[in-house]
1. Provide the FRET efficiency to the nearest 0.05 for the Ala61-Asp183 pair, computing r from the beta carbons and using R0 = 25 Å.
2. R0 = 25 Å: FRET efficiency of Lys43 with Ser306, Cβ-based, nearest 0.05?
3. Taking the Cα-to-Cβ direction at Gln287 and at Gln374 and moving 7 Å from each Cα, how far apart do the two end points lie in nm?
4. How far, in degrees from 0 to 90, does helix 89-100 lean away from the longest principal axis of the Cα atoms of the chain, to the nearest 10?
5. Relative to the longest principal axis of the C-alpha atoms of the chain, give the angle of the C-alpha long axis of helix 56-73, reported between 0 and 90° and rounded to the nearest 10°.
6. If you stretched the chain out fully between Ser198 and Glu103, how much longer would it get, using 0.36 nm times the residue separation minus the C-alpha to C-alpha distance?
7. Would you mind getting me the FRET efficiency between Thr393 and Ser86? Use the beta-carbon distance for r and R0 = 56 Å, nearest 0.05.
8. What does the C-alpha gyration tensor say about the overall shape of the range 404-454? Classify as rounded when a/c is under 1.5, otherwise prolate if a/b is larger than b/c, or oblate.
Amino acid sequence: MDRRLRTFLSVPRTLGIAGMLAAIALVGIGPSTGAGPGANAYKSTPAETLVGGITAEEYAAQMADLHGWLMREMPAGVLDRAVVVSLTDQERADLGKRQESKEGPAVVGRTKPISEVVRFNSQDSALLSSNPRQVGHGTIQTTPDGGFVWAMALESAGAGGLRVHIGGLKLPGDADLYFYSPDGQAFGPYSGKGHNGSGDFWTNTVFGSKGVVQLRYYGPNAAEDLKGVSFVVSEVGHIGPKFSQGLIAATESFCSFNVPCIENASCHNGTPADPAKSAVALMQWIQGAFIYTCTGGLIADSDTGSQIPYFLTANHCLSSNSVASNLETYFQFSISCGSTSCPGQTNPGGIQRLGASVMATGSAGDFTLLQLSQAPPGGSVFLGWNNAPVANTNNAPLYRISHPAWAPQAWSSDSVSTTAPTCNGWPRGQRIYSRTTGGGTEGGSSGSPVVNASSQIVGQLSGACGTNVNNDCDHVNNATVDGAFAYYWPSVEPFLGGACVPVTELCTDGIDNDCDGFTDCADSNCSGSPSCSCSPVGASCTVNSDCCGNKCKGPAGRKTCK
């Protein structure tokens, strides 16, 4: 959470002079807006529970199966020849300063350039065999199906988690790239040009100080296709703890690394914040040299026939597509009431989803509306919303679920204050000022949706305004400040407020074009489509004939169409 406002009637450091000028007019990828809607234009929509989605049990089982297969496939000796990446003393000092700073979203790590070029030549093709052979900093060997596997381990001393930046990815159609840890996490495949289609992307995060990049080609032309493989492991994302990993029980705090006023969300049930527990996710992304964290939540659109994974957070957290593409969201990350066995700040739990696109954003109102690239997990809730203004409704109750300092879900409550002094650049109406009445927030809570007594989103967390903002638990001298949904409603209305307009179902685009509640081949209107008589690229399969391209490749039980 952003707590940079130390005096009233001053230019907020969140914006600076340039930001203050930008706040005069809301700008972003979506339409611009000025004031909120008129009195007769107020709208609201209820929460909606996701239909389908992977369950926590399915997620764990799939990851365990993939990890087991990758470990069995890994050539011998890979883990013993890891490429060691070390932050310099200056880089560690810079990271420490950024982690301690109250400026902007919370920092949880930094990146380190390494430029490991992976490319194979004719000699490598000629020497392919079942005996492991070192090529560059990786190891390669053939596989019984006529393919090959190549793997390279990376280690960053002192890291609690790793991501890697892949660039220029060029793979034949029968090859996949994976990233996994020796300790149990596994992600992929990243096929063809990577998960975002550009050939340039950040992988998922694995916890611990060591990770493995592994390439699997399924055959049968291994020697020939090997020469067409190339990519660069250009950076390693080093996620480091702000405090000691030696966590201890602390009666005055939720987790030992949290400030004393943070309260476990699992200990607060039956409040309007309950639906948010299934909507809110911890966010982690890379921008420039640093790795950041905030909070955001799923938000419903008003079309009951669609479930687009829209996700609301703060503009000061994330506002560009180039950054959103590497966003990781961690859903269902909580611990039981009374537990102090919090995961370390570098290894949050929950179900990880990768990638997003910016739909609309603006510094005035401090909002960003994203669309996630992967479906949220089963049981997720798209929170309802209400665009009626509450900033001038004194004592209106507000509730929040957030992830302060990478902690599991925390609960807090507030009461709208129309008398709290405002900070320059954050005018009341554009922002909602409130006094915390229970629990609290801190760095990492930024962007968390705030809901009213009907569990509807009315804004999202910007930060604090007061005379003692370095103390996250001083709720007397500091007010909590949220961007007001009512203010920026015109910018998000095209995505959240419009009804579905039916057109002919296209059957291959993943969209319910005819607004009947069914998508692509699940729609009876696509029953005669050639694309629905076979499975497209990426779909699960068991034999080649299942696939439109007649190629079904991958580990047993996890084969996909190529």
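1. Efficiency, rounded to the nearest 0.05: 0.90.
2. The computed FRET efficiency comes out at 0.90.
3. 2.2 nm
4. 40 degrees
5. Taking the Cα atoms of the chain, the angle to 56-73 is about 30 degrees.
6. That works out to 31.0 nm of additional length.
7. With a Förster radius of 56 Å, E is 0.55.
8. prolate
Bear in mind that the values in this text are calculations on the coordinates, not laboratory data. Source: prediction; values computed, not measured. Here the Cβ is made from the backbone with ideal geometry for all residues, glycine too, and neighbour counts use every protein chain on show.
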